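These notes are about the structure you will find just below.
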Amino acid sequence: ELILSLMSRAEHYLKTIVLPNKVNNTLNGQVIMNLFFEPSTRTQASFDIAAYRLGAKVLNPRIQDLSLLKGESLVDTLKNFEAMGVALFVIRHSENHKPEFLSSELNNNTRIINAGDGINQHPSQCLTDLMTLTQVKKSFSNLSIAIIGDIKHSRVAHSLIDGLTIMNTPDIRLIAPEQLLPAYTLPNNVSNFSSLAEGLKNVDAIVCLRIQKERIDSSEVPDFDLFYKEFGLNSQAVKYAKKDAIIMHPGPINRGIEIESAVAVSTQSMILTQSHNSVAMRMAI
């Protein structure tokens, strides 16, 4: 019910604020702080724009300018910003569950949004992707979704598997070399595949993922040329899916490693639509 509510609100914002390029005063007077301890392009910018569209003041301190470098704990840093009037923090961190821990240390009326924690979860990206899917496919109840790439180290994949399962998606297919498949027990609606021909057969949507080089043990990093040959989403591989299948990617994309340039810009690609929708969804969040 919460996911449906957020998607409904995001669609409302898309039509009434994002597309007509407007600003409203829903969060007028509120101060929001982005704290990104890992690099980000799309997520940080879309949270910035979302807050601006809602009338909030957004602060983006440089991590290297924080007193953490003087020995202050992150909890104490946040408590000081909280005392100054920051009501909401958007946090990306390399440690799993860090935003959840920080939320337990702050006042009850202070909010934290998880913008990605380690290899654990990326909830706002998942919600954006669910929104994008419903704009084309309408219902999750009969969908087949394929996720290709480094699923083991991808917080996007972990959130998407959870989100699609919550929405009762019956057929989720993970396609990757064995060392990049998740090690935990998967729900009954999730299957592993080692070939594109089998995994993409008659799917409704394909989600492509980059190899998380910065999070992988050196022994697990595949040969990029071999990976592209066996698991790269090219025009031929797309033909295994349904003719009206859509192609998604949370970005950043690596052309010629996990996806062919022609596929990334094809009429089936929803990659830029995902970025477009991300502002409305993060406004809703």
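Table for the structure above
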item	result
Qualifying positions in segment 80-116 - hydrophobic (A, V, I, L, M, F, W, C) and touching a residue at least 60 places away in the same chain (Cβ under 8 Å)	Ile113, Ala115
Residues being free of Cβ contacts under 8 Å to residues at least 60 places away in the same chain and either on the phi > 0 side of the Ramachandran plot or in contact with a Leu (Cβ under 6 Å, 6 or more places away or on another chain) (or both) - total across segment 141-151	1
Residue match in segment 21-33 (condition: modelled with pLDDT of 95 or more, part of a loop (DSSP other than H, G, I, E, B) and of a type in the set (D, E, K, R))	yes
Any chance Glu11 is modelled with pLDDT under 95 and in contact with a helix residue (DSSP H, G or I) (Cβ under 9 Å, 6 or more places away or on another chain)	no
Some residue of segment 227-239 being part of a loop (DSSP other than H, G, I, E, B), out of contact with any Pro (no Cβ under 9 Å at 6 or more places or on another chain), open to solvent by 80 Å² or more (accessible area, probe 1.4 Å) and not charged (D, E, K, R)	no
Subset of segment 245-270 [touching a residue at least 40 places away in the same chain (Cβ under 8 Å) and either open to solvent by 80 Å² or more (accessible area, probe 1.4 Å) or closer than 17 Å to Leu174 by Cα (or both)]	Ala245, Ile246, Ile247, Met248, His249, Pro250, Glu258, Ile259
Segment 16-52, subset among the charged types (D, E, K, R) and farther than 15 Å from Leu88 by Cβ, residue least open to solvent (accessible area, probe 1.4 Å)	Glu38
Pairs with Cβ under 6 Å, 6+ apart, first in segment 65-77 and over 16 Å from Ile91 (Cβ atoms), second surrounded by fewer than 13 Cβ atoms within 10 Å (Cβ to Cβ) and at pLDDT 85 or above	none
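The values are calculated or read from the model by the stated rules, or taken from the named source; none is laboratory data. Please read these numbers as outputs of a predicted model, since none were measured by experiment. Every residue, glycine among them, receives a Cβ derived from its backbone with ideal geometry; neighbour counts consider all protein chains shown. Areas reflect the complete protein model, heavy atoms only, side chains present, ligands, DNA and RNA absent. Shrake-Rupley method; radii C 1.70, N 1.55, O 1.52, S 1.80 Å.
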